[in-house]
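Notes for the one structure printed next.
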Amino acid sequence: MKHLLSIEQLSREEIEGILDRAESFAEVGRRDIKKVPTLRGRTVVSLFYESSTRTSSSFDLAAKRLSADVVSVKAAGSSVEKGESLKDTVATLSAYDPAAIVIRHPYAGAAQMVAGWTAASVINAGDGKHEHPSQALLDVYTLRRKLGSLEGVRIWIVGDVLHSRVARSNLIAFNRMGAEVTVCGPPTLIPRGIEELGCDVAYGLEGIEEAEVVYALRMQKERMSESFVPSLREYAASFQIDSRRLQPRQLLMHPGPVNRGVELSGEAIDSPQSLITEQVAAGLVVRMAILYELLAGAEGAPSGEGESSRPTPIGTPA
Amino acid sequence: MKHLLSIEQLSREEIEGILDRAESFAEVGRRDIKKVPTLRGRTVVSLFYESSTRTSSSFDLAAKRLSADVVSVKAAGSSVEKGESLKDTVATLSAYDPAAIVIRHPYAGAAQMVAGWTAASVINAGDGKHEHPSQALLDVYTLRRKLGSLEGVRIWIVGDVLHSRVARSNLIAFNRMGAEVTVCGPPTLIPRGIEELGCDVAYGLEGIEEAEVVYALRMQKERMSESFVPSLREYAASFQIDSRRLQPRQLLMHPGPVNRGVELSGEAIDSPQSLITEQVAAGLVVRMAILYELLAGAEGAPSGEGESSRPTPIGTPA
Amino acid sequence: MKHLLSIEQLSREEIEGILDRAESFAEVGRRDIKKVPTLRGRTVVSLFYESSTRTSSSFDLAAKRLSADVVSVKAAGSSVEKGESLKDTVATLSAYDPAAIVIRHPYAGAAQMVAGWTAASVINAGDGKHEHPSQALLDVYTLRRKLGSLEGVRIWIVGDVLHSRVARSNLIAFNRMGAEVTVCGPPTLIPRGIEELGCDVAYGLEGIEEAEVVYALRMQKERMSESFVPSLREYAASFQIDSRRLQPRQLLMHPGPVNRGVELSGEAIDSPQSLITEQVAAGLVVRMAILYELLAGAEGAPSGEGESSRPTPIGTPA
């Protein structure tokens, strides 16, 4: 595996392999020295055209815990502002011979294009409404730790499915792992024909009691002005997951950042059923695993000789 | 000591302990390799909701010189902009299991709240008008190096005392170290009842000759529009410390950044009595000492076994 | 050599020395571990008052590959916004005792002034319309690798010569290395008397066939509103380097970021004659060489004893 551009590209076995690797990094994370020397002397470029706290900090820290040097470029305050094309920016950053480029971009397909322009491994950290594969992997990881397996698990994904790359990547990943997915939201926010991806559709929360897992999506405030929802208040009245709707045996997930009081009530967020913090913790180890698989696995391993160019056993502290 | 939330919480002995530790880091700073391995493999999160050069760069570099990995989150360009609550942001960052979170926030009490939401050690890098304890510690450190002791030293704090967390933290710290403090400024900028904290009050610079130390505060330009002062020019006419007012035997301090020509004249800033640069240098070693005390001291020491989990003698280069 | 403030200051021998050093860092860059311990435990401050992707990321990564700790300060979101003077900002950052300060500033002469205010080595990363010496060095490096020598090589520098620090530094550097330079652009964008620096002047592209190297400058869009050029379209009609104008034996250079379709056509950028990506790659190793020369060369070498304070042979991996 050279790039991680989509969940679509991954078989169930490849997903399981990444999750197993992430488990071993979780063990590293419980040590005092939460670091391994795997990517020492190699460079990871983080190129974010949309603002982000959790995804960008998670990838940055993942790379640092693998001992890589990190170059972070944000669209604001960079030559991106001067109108440089994505292609030229990638050519520029590729000239540093990075091991990987982590890219977030508002256009669907951007990561795929970047992969055609660079010798580095490319990791899609979100491309428009298309995909967000590391999010899907961390969500599968979180559920697998909690439930052992996703086989036959019923998951409802609730909210703005139409505009959500998380919904799309997670639907594919959950299906691939054997879960049964229902997508739920107002008709204006459910893409036509989504059933063909292998899911049920619900236009209201009736029936959500059957789910073992409720996965709420972030409601983008700008959707109101675009007339997809009449108001956040009305959206919340019909689709907010609150502590009355959430059953004690149900698990609650959300990709963050949460709009408290919109898609989730404060009580629900803070309830014992909420896995939101576990998801963030999972993000770090899953992203370490992704970097490891792409850069230090069988194919991606450095080819030189010497102590540190051999694939480093994860067990060795940095 | 788990957190550093205020100067209020520290006894004179605890302050002395941090300053002694800072002295040993000053010795490290005179070496070619200005670095120790104390926090190798541990993560320090820096979360700044207000802009800052000196405090944020000082904490970041302090953490790096202790060999920690640093995750810096600024309010701009982060999910903070998307309206995520402080609580949720802290939960997110805490999921990385950081050793410490350094927080600056415009609301008094923010650091205290953060301490209730995370397992990490929390360091208050300024919370509204409340406290800025690392600033007070570096100022005491600077004076102790210069004068040996603060016992009986007369210090005038001049300027916008009302809105200044630095004034508040320094007043407490100077008192605790035995100094005699006078706060001085226009009546609109001196909080009522401040004498109860243990200081004299002056509404003009008359009498400032008695001080051994003149500590000028930054005048926020936005105070003019709020009618606290009629104009910066009038403020400067009455309260600017310039080379005529400054006695040759007096020491001059300022928390920075300075408004040249407002609270201080250019000549005063550049005079031999000015300790402003020493204060910044002190900031680095004092913040190393704070991180060390919280994270590698008796209680904060890593509990595992093995070479690097033992508290590292400061003398050992990284 | 203590500072790198201008190309003007460098003899041909000094330039050659830096380029030779850069060659050895290019060799390090082909290893798996692209890093040497030369500046371990030392601090490099990067202080950018103008936005930049390539120069700032290039210096940052260069410092990291030399194992330095890097403190990056951008004008936005820093105390610079609070109106702190450059002098005070430099005094603040100098208090951390950095080995070097890399400065970009909109005023010509800023780097020179900074050098007067700090004990650190100062590297000019662009000061107004004055100089951008590391750009000139990387361009000479790129051409030397391609052509062996610049002796007698004919180079046309095309575009907004008037406002370009790159044009100025490169003209000086190319001359010093023995090249024959022609500057070319509309009369409004060629400074009067530039011939005295040792170049020919052309007000149109006629005759450019004689050049072995075509060096296109970035057209700043704001120049239109300032009436230097009637429109980007008219500028492009007269001065754009496109694949019809570019001869197969000519080499094409540009300092980046490129305005595709303005000073260069997309085809020209992507042609085999384009050295633009090589220039960026050269930037990294040339900046490593600059840092090495200033900080670890004969004069700049750390004076202490012990393993890592000896000038580290470049061949030793970090």
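Bear in mind these aren't lab numbers, they're just calculated from the coordinates by the rules spelled out. Because the structure is a prediction, the values reported are computed rather than measured. Heads up, the Cβs are rebuilt from the backbone with ideal geometry, glycines too, and the neighbour counts pull from every protein chain shown.
So what is the relative contact order of the range A:77-201, in percent, for Cα pairs below 8 Å that sit 6 or more residues apart? Could the numbers behind the result be given before it?
On the way: 187 pairs, mean separation 22.6, N = 125.
So the answer I get is 18 percent.
Say a label goes 7 Å from Cα toward Cβ at B:GLU16 in every copy; what distances in nm does this one have to the rest, shortest first?
Between copies, matching label points for B:GLU16 lie 6.4, 6.4 nm apart.
Could you check what % of the DSSP bridge pairs in the protein assembly as shown are antiparallel, to the nearest 5?
Here the share of antiparallel DSSP bridges comes out near 5 percent.
Can you run the Rg to Rh ratio on the range A:48-165? Use alpha carbon positions and the Kirkwood inverse-distance Rh.
1.02
Defining a contact as two alpha carbons under 8 Å apart and six or more residues distant in sequence, what relative contact order in percent does chain B show?
On the way: 606 pairs, mean separation 70.2, N = 318.
Over chain B, the number comes to 22 percent.
Under the rule of at least 5 residues apart or a separate chain, name every residue whose amide H is placed under 5 Å from the amide H of B:TYR215.
HN-HN under 5 Å from B:TYR215: B:TRP156, B:ILE157, B:VAL158, B:MET253.
Where Rh denotes the Kirkwood radius from the mean inverse Cα pair distance, what is Rg over Rh for the protein assembly as shown? Don't jump to the answer; show the numbers that get you there.
On the way: Rg = 29.4 Å, Rh = 30.0 Å.
Reported Rg/Rh, Kirkwood definition of Rh: 0.98.
If you build a Gaussian network model of chain B, linking Cα atoms that sit under 10 Å apart, which residue out of B:ALA136, B:ALA91, B:ALA63 swings the most?
It is B:ALA91.
Based on DSSP, what percent of beta bridges with both residues in the range C:119-255 are antiparallel, to the nearest 5? Can you show the working numbers first?
Values: 1 of 16 bridges.
Bridges in the range C:119-255 are about 5 percent antiparallel.
Taking a point 7 Å out from Cα toward Cβ as the label site, list the nm distances between A:LYS221 and the same residue in every other copy, smallest first.
Going from nearest to farthest copy, the values are 2.7, 2.7 nm.
Sum up the charges of everything whose Cβ sits under 14 Å from the Cβ of A:ILE208, counting Lys and Arg as +1 and Asp and Glu as -1, but leave A:ILE208 out.
For residues surrounding A:ILE208, the net value is -4.
Could you tell me which residue out of C:ALA211, C:PRO248, C:GLY148 lies farthest along the dipole of the range C:134-278 toward its positive end? Charges go on the beta carbon: Lys and Arg +1, Asp and Glu -1, centred on the Cα centre.
Comparing the listed Cα positions along the dipole, C:GLY148 ranks first.
Treating only the Cβ of Lys, Arg, Asp and Glu as charged (+1, +1, -1, -1), what charge dipole size does the protein assembly as shown show about its Cα centre? Round to the nearest 20 debye. Intermediate results must be reported in sequence, preceding the final value.
Values: 105 positive and 120 negative charges, 100 e Å.
The dipole magnitude comes to about 480 debye.
If you bin every alpha carbon distance in the range C:134-278 into 5 Å steps from zero, what whole percent lands in each bin?
Whole-percent P(r) values from 0 Å outward: 2, 10, 22, 25, 23, 13, 4, 1, 0.
If you build a Gaussian network model of chain A, linking Cα atoms that sit under 10 Å apart, which residue out of A:ASN124, A:ASN259, A:ASN175 swings the most?
A:ASN259
Using Cα-Cα distances under 8 Å and only pairs 6 or more residues apart, what relative contact order does the range A:133-278 have, in percent?
About 22 percent, as a whole number.
Based only on other Cβ atoms within 10 Å, what is the fewest-to-most ordering of B:THR277, C:THR118? Mind dumping the intermediate values first?
Working: B:THR277 16, C:THR118 21.
Placing the least packed residue first, the sequence is B:THR277, C:THR118.
In whole Hz, with x marking every Gly and Pro, tabulate ³J(HN,Hα) for the range A:241-247 from phi via Karplus 6.51 cos²θ - 1.76 cosθ + 1.60, θ = phi - 60°.
Karplus-based 3J(HN,Hα) across the range A:241-247 equals 8, 10, 6, 6, 6, 6, 7 Hz.
Name the long-range amide H neighbours of B:TYR107: under 5 Å, sequence gap of 5 or more, or other chain; modelled H, no Pro or chain starts.
B:GLY128
With springs only between Cα atoms under 10 Å apart, run a GNM on chain A and tell me which of A:SER149, A:SER238, A:SER85 wobbles the most.
A:SER85
In whole Å, how far is the Cα centre of the range B:194-209 from that of the range A:93-161?
The distance from the Cα centre of the range B:194-209 to that of the range A:93-161 comes to 60 Å.
Summarise the partner chain shielding of C:269-277 as one whole number: the mean count of Cβ atoms from other chains within 10 Å of each residue's Cβ.
2
Which far-off residues, 5 or more places away or on another chain, put their amide H under 5 Å from the one on A:SER274, with H placed in the peptide plane?
Under 5 Å from the amide H of A:SER274: A:LEU252.
Measuring label to label, 7 Å along Cα→Cβ, what does A:VAL201 give against each other copy in nm, shortest first?
6.9, 6.9
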